[in-house]
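Just below is one structure, and these are the notes that go with it.
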Amino acid sequence: MDTFAFIIHPIDPKRDVSRKFPFLGRVLTERQIDFFSTFFPPVYISEINGITSQATGKEIKGWFIACPYTPRRMMELRERTVYRKIIQTGRFAEKLGAQILGLGAFTSVVGDAGLTIAGALDLPVTTGDSYTIAIAVQAIREAARVMDIPLGEATAAVVGATGSIGRVCAELLADDVAELILIGRREEALVELRDRLGVRARARLRTSTRVNDIAQAQLILTVTSAIHEVIHPEDLQPGSVVCDVARPRDVSAMVAAVRNDILVIDGGMVDVPGPVDFHFNFGFPPGKAYACMAETITLALEGRFEDYTLGKDISRQRVEEITALADKHGFRLSGFRSFEREVTEEHIESVRQAARRARRIHSMQERS
Ligand SMILES: NC(=O)c1ccc[n+]([C@@H]2O[C@H](COP(=O)([O-])OP(=O)(O)OC[C@H]3O[C@@H](n4cnc5c(N)ncnc54)[C@H](OP(=O)(O)O)[C@@H]3O)[C@@H](O)[C@H]2O)c1
């Protein structure tokens, strides 16, 4: 049976450590977990069974293994030290017999986005970013539809537009919307991106280094590598949609708490084909996975045991190819989730109503 492995790591330290080690998660503080994670070896998490291709009936098996570092730790430590730990985790995957390795969340962001790690390992590696891009863009298009936001007339914003994922998301959205605001921290890189996309983009393109310019957009796709929240309740206009692809999240939990007129969705959740059992709760309902996991699984189902998405320069062709392969094997954009909860039709309707009320109040205030 063909096999894969996927590296996960703690993002919310107490919550995620509790999922594997309930006692440690209870007694250690966040700071202590951060500190001890430096000395912890890679951790075997679980075996994954039941994934079956809808196209070929092929079944595969996989493993979750954890690199113990938190995002904060990965940013604080020397790149070399972080690579070493991820490579050590990859060697563990090799020993288990994995034929391809996926890099989850920050293990794909560090340094050169998988190139050094793949170079040091004997098994092929992918970051999963190509399919993450595809699913993030599909999700925001679908969210626009359910919120009655006409895509062709909308203003969209990509926060983290100069990043590996953000750049291609921007390229795809530039074909859909009327106006696109490219937001990042480096003006020069934003201008370069704008000039490159501008040649064939449908959308009028603007750049900004201020995150609060998202107030001008109805559709926001956010995918920064910030380890703290960058989007706050006061930044958003009523009725807008925010698709948060970043892990850790970019959107403050306060948005859900105090803005009932905004639809925040998690980017990147897909339905997995076959009676999958991950034997581990990573926060999704049964049968669902992150798009980056799905890319690794798709490659194993397809028998494509080769390095796939690596490095910071992701091509649109790769995104289109993995979308077609994932589609063929039966992966689908899943229903929406927001802050670990399912987004129901009633919730969407209540957001629409609250947005209408907020707009009415706003226009009354403007008139008086
Ligand atoms: N949901 C999923 O399935 C999935 C899969 C893979 C990755 N991810 C997540 O996606 C995120 C981005 O990954 P990536 O590989 O695209 O990272 P990346 O290539 O390092 O790009 C990060 C982007 O974020 C911007 N940025 C960083 N810190 C910022 C801050 N404090 N404020 C505003 N902008 C900031 C950077 O701007 P500058 O270029 O100007 O510095 C850059 O545009 C990460 O959180 C990662 O964990 C999620």
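The values are calculated or read from the model by the stated rules, or taken from the named source; none is laboratory data. Please read all numbers here as calculations on a predicted model, not as lab measurements. As a convention, Cβ positions derive from the backbone with ideal geometry for all residues, glycine included, and neighbour counts pool all protein chains shown. Quick note on the areas: whole protein, heavy atoms, side chains included, nothing else; ligands and nucleic acids left out. Shrake-Rupley method; radii C 1.70, N 1.55, O 1.52, S 1.80 Å.
Separation of region 279-332 and region 133-150, taken as the distance between their Cα centroids, equals 19 angstrom. Could you work out, for the chain, what percent of all Cα-Cα pairs fall into each 10 Å distance bin, beginning at 0 Å and stopping at the bin that holds the largest distance? Reading upward from the zero bin: 5, 24, 33, 25, 10, 2, 0, 0.
Would you please give the FRET efficiency between Asp277 and Asp122, computed as 1/(1 + (r/R0)^6) with r the Cβ-Cβ distance and R0 = 35 Å, to the nearest 0.05?
Details: r = 28 Å, r/R0 = 0.80.
So, using R0 = 35 Å, E works out to roughly 0.80.
Could you sort 282-290, 168-176, 185-193 so that the peptide with the highest average Cβ count within 10 Å comes first and the rest follow in order? All intermediate terms of the calculation are to be shown ahead of the outcome.
Working: 282-290: 17.7, 168-176: 23.4, 185-193: 14.7.
Result, highest mean first: 168-176, 282-290, 185-193.
Taking Rh as the Kirkwood radius computed over C-alpha pairs, what is the Stokes-Einstein D of region 283-368 at 25 °C in a medium of viscosity 0.890 mPa s, expressed in µm² per second?
148 µm²/s
Taking each residue as 0.36 nm, the span from Asp175 to Gln353 lengthens on full extension beyond its C-alpha to C-alpha distance by 61.1 nm. Dimensions of region 115-256 along the principal axes, based on C-alpha atoms and rounded to the nearest Å, stand at 50, 38, 30, largest first. If R₀ is 45 angstrom, what is the calculated FRET efficiency for the pair Ala55 and Gln32, using the beta carbon separation as r and rounding to 0.05? Computed FRET efficiency for Ala55 and Gln32: 0.45. Our note on the geometry: Cα centres of region 155-195 and region 7-59, 33 Å apart.
With both labels modelled 7 Å from their Cα along Cα-to-Cβ, the Arg316 to Arg91 distance reads 4.2 nm. If the label point is 7 Å along Cα→Cβ of Ala189, which residues in region 284-318 have backbone nitrogen under 19 Å from it? It comes to 310-316, nothing else.
You can think of it this way: the chain between Glu76 and Met364 has 98.8 nm of extra reach, that is 0.36 nm per residue less the Cα-Cα gap. Report the residue, chosen from Glu346, Glu229, Glu153, that carries the largest GNM mean-square fluctuation when the chain is represented by alpha-carbon nodes joined by springs under 10 Å. In this elastic network of the chain, the residue with the biggest mean-square fluctuation among Glu346, Glu229, Glu153 is Glu346. Placing +1 on the Cβ of every Lys and Arg and -1 on the Cβ of every Asp and Glu, with nothing else charged, gives region 236-312 a dipole about its Cα centre of roughly 240 debye. Restricting the calculation to Cα atoms, region 215-302 shows an Rg/Rh of 1.05 when the hydrodynamic-style radius is the Kirkwood one.
Taking a threshold of 20 Å on the Cα-Cα distance, which of the pairs Lys288/Lys328; Lys95/Lys328; Lys58/Lys328 fall above it? Could the numbers behind the result be given before it?
Working: Lys288/Lys328 17 Å; Lys95/Lys328 30 Å; Lys58/Lys328 12 Å.
Checking Cα-Cα distances, Lys95/Lys328 exceed 20 Å.
Each part gets one Cα centre, and for region 209-258 versus region 334-363 those centres are 15 Å apart. Working note: 222 nm ellipticity from helices only, DSSP H runs with n ≥ 4, each -39,500 (n - 2.57), summed and divided by the residues of the chain, gives -12000 deg cm²/dmol to the nearest 500.
With both residues required to sit in region 23-150, DSSP beta bridges show an antiparallel share near 80%. On a per residue basis, the chain carries 43 Å² of accessible surface, using protein heavy atoms and a 1.4 Å probe.
Averaging over all projection directions, the Cα-based convex hull of region 194-244 occupies 4.4 nm² in the image plane.
By DSSP, what percent of the beta bridges with both residues in the chain are antiparallel, rounded to the nearest 5?
Numbers: 15 of 49 bridges.
Just about 30 percent of them are antiparallel.
Between Thr126, Thr344, Thr162, which gets the highest mean-square fluctuation from a Gaussian network model of the chain, Cα cutoff 10 Å? Checking each option, the largest mean-square fluctuation is seen for Thr344. Both radii were evaluated on the Cα set of region 110-165; the Rg over Rh quotient, with Rh as the Kirkwood radius, amounts to 1.16.
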